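Report on the structure given below.
The values are calculated or read from the model by the stated rules, or taken from the named source; none is laboratory data. Just so you know, these numbers come straight off a predicted model, no measurement behind them. Please note: Cβ atoms are built from the backbone with ideal geometry, for glycine as well, and neighbour counts cover all protein chains shown. These area figures cover heavy atoms from the full protein model, side chains too; ligands, DNA and RNA do not enter into them. Shrake-Rupley method; radii C 1.70, N 1.55, O 1.52, S 1.80 Å.
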Amino acid sequence: MELKIPNHIAIIMDGNGRWAKSKGLPRTLGHREGAKTLRKILTHASQRGVKFLTVYAFSTENWKREKTEVDALMFLFKSYIKNERKNLMKNKVKFIVSGRVEGVSEGLLKEIKDLEKVTENNEGIVLNIAFNYGGRAEIVDAINKIIKEDKEEITEESFSKYLYNDIPDPELVIRTSGEFRVSNFLLWQIAYSEFYITNLYWPDFNEEALDEAIDSYNKRERRFGGIK
Ligand code: FPP
């Protein structure tokens, strides 16, 4: 039987801190290594024919972490945007961000908007970075947009258009580091997604691990509430 490739894969990149700790390194180095993994996985996902890759890089709850760690994550995102620009253009990646972007610093917001603009016509894989993102916040923000427009009736389809980005729902959600939690990620979009949990820490996740997740997805029987 032909292998089904998920159109959209969403990843909770968990375990950077534990990866660093297991090696006696500061947590921030775990995040830095995690950014390298993202680079690898984006390339591989695109080569496998995935059309959308969403990754959870900073949640609305992550502000509670120590300032040094928050600063490091902000810095890392800024560096990623600067350093990856050429590579993303070369590989025709369309870069988008989902989240309360107005909540980040002016400098970072400008970098985000710039990269979204220069990559907007790219026709390769869409890289959606969930940053300052919360699933509940996204639903509340959508409702507030609807209220402002004085809409009287809404359907599931029309509601989706008010989310941060109007992209298809993920067929597959991957979480690393063995945790069985959703952690406020894409609450609306994952209604029928398949879940794949691996014990690998995110910095150890690699091309082979992504292939395993896709293989596992292929063994699932998706019924969407119906009977087969
Ligand atoms: C969860 O691991 C990971 C994060 C909160 C940050 C994810 C960020 C990256 C992978 C860096 C790449 C990001 C960008 C923006 C390019 P954790 O710190 O909660 O790990 P732990 O549960 O082991 O402590």
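Observations
- If you wrap the tightest convex hull around every Cα atom of the range 174-225 and split its volume per residue, you get 87 Å³.
- Helices that extend 30 Å or more along their long axis by alpha-carbon positions and average at least 1.0 on the Kyte-Doolittle scale are absent among the DSSP H runs of the chain.
- The range 16-66: C-alpha pair distances exceeding 16 Å, %: 53
- Pairwise centroid distance, computed over Cα atoms, of the range 157-202 with the range 15-62, Å: 16
- What the Cβ-Cβ distance of L3 and S105 gives, at R0 = 25 Å and to the nearest 0.05, is a FRET efficiency of 0.05.
- Of S22, S98, S193, the one that fluctuates the most in a GNM where the chain has Cα springs shorter than 10 Å: S22
- Taking Lys and Arg as +1 and Asp and Glu as -1, the other residues whose beta-carbon sits under 14 Å from that of F185 total -2.
- Value of Rg to Rh for the range 1-127 (Rh from inverse mean 1/r over Cα pairs, i.e. Kirkwood): 0.98
- Relative contact order, percent, the range 1-143 [alpha-carbon distance under 8 Å, six or more residues apart]: 28
- Looking at the chain, the accessible area is 55 square angstrom per residue; that uses a 1.4 Å probe and ignores ligands, DNA and RNA.
- Pairwise Cα distances in the range 56-193 exceed 18 Å in 61 percent of cases.
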